[in-house]
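Enquirer: Take this structure, written in structure tokens, and hold onto it; I'll ask about it next.
The values are calculated or read from the model by the stated rules, or taken from the named source; none is laboratory data. Fair warning: this is a prediction, and the values are worked out from it, not measured in the lab. Cβ placement follows ideal geometry from the backbone for every residue including glycine, while neighbour counts extend to all protein chains displayed.
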Amino acid sequence: MNHFLDPLPSTPSGCSPGIRSIGDKAVAPSPIGQGWNADDLTLDGIMLLDDQWVIINANAKALEFLRRSLREISGYSLWDVLTQETANQHETAAESALGTLQRYTFVVHEHFENSWVEYTLRPRATGFVVNLREAGPAQKYQRLLEDSKRYNQLIFEANPNAMWVFDRTSHQIVAANQAAIRFYGFGREDFMSLKMKALFPEGEGIELLESLDAVKEGRPEMRLCKQKKTDGKAVLVELAWSQMKWHGHQAVLVSLADVSDRHLADSCLKKSNAELEKTLTAQKAELHSVRHDLLTFTQAVSSDLQDSLHVAHGFAARLAEKYSPMLDVQGHHYVRRIQASISQLAQLVDDLRTLAQLPLRPGTPELINLAPVCAMLIASLKKREPERNVTIEINDQLMLVGHKSLLTTAMAYLLDNAWKFTSKKTEAWIKVSLLPGKASGELVLEVADNGAGFDSVYAGKLFTAFQRLHSSAEFPGNGLGLAIVKRVAQVHGGAVWAQSPSQAGASFFMSLPQAQPNAH
């Protein structure tokens, strides 16, 4: 171990032994024994300072701690040799402490070397002596603890949320950050003179105190409550608190955020939602009433019309049968026109009733094979026009999940549509197939033909009720068939669309999301 009694560097030329040079001055070293005791001689490093804190001598170990030569530090203040941060923290404190005490100790962390050095300053007759030694674990932890306290204090002060601390026993406020001072509107001295209950209107502070017994130290709790500002105004806040130690005493840390604007916005939103829900309920009831009235009207009208049409059709048939010899060619033409119009009107009434009642039809999704259904519908069409030669392509298996009665209705209209628009083709064909959809678990039903196509510009109108792209003289119909197909797709949660490349034939598609069939 090196001690202060180790030989010092050789004196500069022209100086007497025992005299060292600082700049152009020759300074005699102070007696080493003055103000020291035996314990000081066992320390690793020693520096001598004059009464102005100027370094006048140091042993080799002290120079090793400082990583400087004696020539580099002689004549300089101790606080100039140390870092600016260390000097700012300890210069004033050391001068004040050594005015009344016999020692002042601090620990410095050398970040570059990752080392800890303990400095102990003592007064002597003509200045000060500084002992330097490597800090032990206790000193390191003490320094870390002090740094932690200082950082926590900085965080406490800089926090944008209002924060304050009150003593657990006396309920006196013992600390507050600047955000709390701004929030409450008090001066700092006035705020620090308050007890915590002064900030809680309507006895809410008592409820908080009563709840502290059930809360463990360090465990945060939160609640909505009111806080009273200096003007007496009560503000709704979200308040969090936790028990802690404050300078050795049991205390409570309180943090809060003003939520009055958010609460007002939430209240307005709840009120708006309640009004909206009330409006929706009223509209839903009105819609239900309108649908019920419409369904009743549709059933009444269709029933009355069907009866009247049935009577009219009977009289027309009786007229054609009984008075046929008395009618000329023009008369027979008129009778046929009457019968055709009655049939067309009867079909329109049936389609309107189907369109109106479709969503109300009973039934549940089930696994079905549409191939036999399509074969039955095609057989009915061929029976109606046995002279036609149409090639039919239908897969043996068209398995899907859906409402059987609704899908049967949709296929009836799609196949009738294809049969009708291929009537002018000598080599007509109709194809029914099942394709995978774009979405997972979705199937697409396709009915394609090589009949009369349509301009793709008007494809969106095809599924609108009473919209036709061909005249009734060219292709008979009432414009409701594809609207009914669209309604069936919507009941299944799907969609419909059509394509006609270069107006050569047409393909109609119906997407059908596949749900699990009901178990029986």
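Enquirer: For Ala412, indicate whether it is within 12 Å of Ala506 (Cβ to Cβ), out of contact with any Asp or Glu (no Cβ under 7 Å at 6 or more places or on another chain), of a type outside the set (S, T, N, Q) and touching a residue at least 12 places away in the same chain (Cβ under 8 Å).
Expert: So Ala412 fails the test.
Enquirer: Name every residue in the stretch 436-467 that is at pLDDT 85 or above and either part of a strand (DSSP E or B) or under 17 Å from Leu480 (Cβ atoms) (or both), in order of residue number.
Expert: Pro436, Glu442, Leu443, Val444, Leu445, Glu446, Val447, Ala448, Asp449, Asn450, Gly451
For (1) surrounded by 15 or more Cβ atoms within 10 Å (Cβ to Cβ); (2) in the same structural domain as Ala506 (by TED's automatic domain parsing); (3) in contact with a Ser or Thr (Cβ under 9 Å, 6 or more places away or on another chain), each residue gets a yes or a no:
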position: Phe421; (1), (2), (3): yes, yes, no
position: Ile430; (1), (2), (3): yes, yes, yes
position: Gly437; (1), (2), (3): yes, yes, yes
position: Gly441; (1), (2), (3): no, yes, no
position: Glu446; (1), (2), (3): yes, yes, yes
position: Ala452; (1), (2), (3): yes, yes, yes
position: Val457; (1), (2), (3): no, yes, no
position: Gly460; (1), (2), (3): no, yes, no
position: Phe463; (1), (2), (3): yes, yes, no
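Enquirer: Exactly one of these conditions fails for Arg67: (1) under 21 Å from Glu95 (Cβ atoms); (2) modelled with pLDDT of 75 or more. Give me its number.
Expert: (1)
Enquirer: Determine if the stretch 164-174 includes at least one residue that is among the charged types (D, E, K, R) and out of contact with any strand residue (DSSP E or B) (no Cβ under 8 Å at 6 or more places or on another chain). Even if it seems obvious, please write down each step before you answer.
Expert: Residues of the stretch 164-174 that are among the charged types (D, E, K, R), as a first pass: 167-168.
Then drop every residue that is not out of contact with any strand residue (DSSP E or B) (no Cβ under 8 Å at 6 or more places or on another chain), which leaves none.
Looking through the stretch 164-174, none of the residues is among the charged types (D, E, K, R) and out of contact with any strand residue (DSSP E or B) (no Cβ under 8 Å at 6 or more places or on another chain).
Enquirer: Only one residue in Glu189, Glu210, Glu275, Glu238 is assigned to a strand (DSSP E or B), among the charged types (D, E, K, R) and either without any contact (Cβ under 8 Å) to a residue 60 or more places away in the chain or under 24 Å from Ala158 (Cα atoms) (or both). Which one?
Expert: Glu238
Enquirer: While we're looking at this one, here's another question. Just checking, does the stretch 101-113 include any residue being more than 60 Å from the chain's Cα centre (by Cα), surrounded by fewer than 19 Cβ atoms within 10 Å (Cβ to Cβ) and part of a strand (DSSP E or B)?
Expert: no
Enquirer: Of all residues being surrounded by fewer than 16 Cβ atoms within 10 Å (Cβ to Cβ) and in a helix (DSSP H, G or I) in the stretch 78-90, which is farthest from the chain's Cα centre (by Cα)? Just the residue, please.
Expert: Asp80
Enquirer: Six or more apart or on different chains, Cβ under 6 Å: which pairs go from a residue in the stretch 86-114 that's farther than 16 Å from Val129 by Cβ to one that's assigned to a helix (DSSP H, G or I)? Could you list them?
Expert: Ala87/Trp79; Glu91/Trp79; Val107/Gln139; Val107/Arg143; Val108/Thr86
Residues checked against (1) exposed (fewer than 14 other Cβ atoms within 10 Å of the Cβ); (2) more than 30 Å from Val107 (Cβ to Cβ); (3) not assigned by TED's automatic domain parsing to the domain that holds His109:
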position: Asn177; (1), (2), (3): no, no, yes
position: Phe191; (1), (2), (3): no, yes, yes
position: Glu202; (1), (2), (3): yes, yes, yes
position: Lys226; (1), (2), (3): no, yes, yes
position: Thr230; (1), (2), (3): yes, yes, yes
position: Trp241; (1), (2), (3): no, yes, yes
